[in-house]
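Below: the structure, in C-alpha cells.
The values are calculated or read from the model by the stated rules, or taken from the named source; none is laboratory data. Quick caveat, the model's predicted, so the values are computed rather than measured. So basically every Cβ, Gly included, is an ideal-geometry build from the backbone, and we count neighbours across all protein chains shown. Only protein heavy atoms, including side chains, enter the accessible area calculation; ligands, DNA and RNA are left aside. Shrake-Rupley method; radii C 1.70, N 1.55, O 1.52, S 1.80 Å.
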Amino acid sequence: MTANRLIVVQGHDHPALLADALRATDLNWISDAEPHCHWVYGAKTRYRQKDAPCEVERVDRVHCEIKFAEAQWAITPGQSVVVYESKVCLGGGIIESPTAAGK
C-alpha cells in the first residue's frame with residue numbers, strides 16, 4: 001500500500017534531508033545501453049545542481065540504484081535523476097526512493 005507522507009523538520013541541513021543513494025524507475029538511456037556498474041559518473045537530482053560524483057550500483061531494464069560519494073540534499077521521489085559521463089548525458093529516470101545517509 002502506498003502512503004503519502006509529509007515530513008517536516010527544522011533547518012536546511014537536518015539529517016532527514018540528506019541521502020547518499022537512490023533507486024530510480026522509468027529509465028531512459030539515450031543510447032539504449034545501460035551504464036556500467038561501479039564506474040564513476042556524475043548525476044543531478046535538481047535543476048542547475050553541479051554534477052555529484054556517483055556510481056551506478058545496480059541497473060536493469062526497470063530500476064537502477066545510484067550511490068553518491070557524498071550525501072545529497074532533498075532527493076525527492078517523483079523527481080528526475082540524470083546521469084552524465086563527463087559532459088555527455090547518458091539518461092536517467094524517476095526517483096522512486098532515497099536512502100538516508102549512513103543507512
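Restricting attention to region 25-55, which residues are in contact (Cβ under 8 Å) with a residue 24 or more places away in the chain and touching a His at 6+ places or on another chain (Cβ under 7 Å)? The answer is 25, and nothing else.
So that you can scan it fast, the table gives a plain yes or no per residue for (1) open to solvent by 90 Å² or more (accessible area, probe 1.4 Å); (2) within 16 Å of residue 91 (Cβ to Cβ); (3) modelled with pLDDT of 95 or more:
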position: 22; (1), (2), (3): no, yes, yes
position: 26; (1), (2), (3): yes, yes, yes
position: 44; (1), (2), (3): no, yes, yes
position: 48; (1), (2), (3): yes, no, no
position: 53; (1), (2), (3): no, no, yes
position: 66; (1), (2), (3): no, yes, yes
position: 76; (1), (2), (3): no, no, no
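Check whether at least one residue in region 85-95 is open to solvent by 60 Å² or more (accessible area, probe 1.4 Å) and at pLDDT below 95, and report yes or no.
Kept after step one, since they are open to solvent by 60 Å² or more (accessible area, probe 1.4 Å), are these residues of region 85-95: 85-88.
Then keep just the ones that are at pLDDT below 95; that gives 86-87.
Yes - at least one qualifying residue is present in region 85-95.
Restricting attention to region 4-20 and to residues that are surrounded by 12 or more Cβ atoms within 10 Å (Cβ to Cβ) and among the aliphatic types (A, V, I, L, M), the residue that is farthest from residue 79 (Cα to Cα) turns out to be 16.
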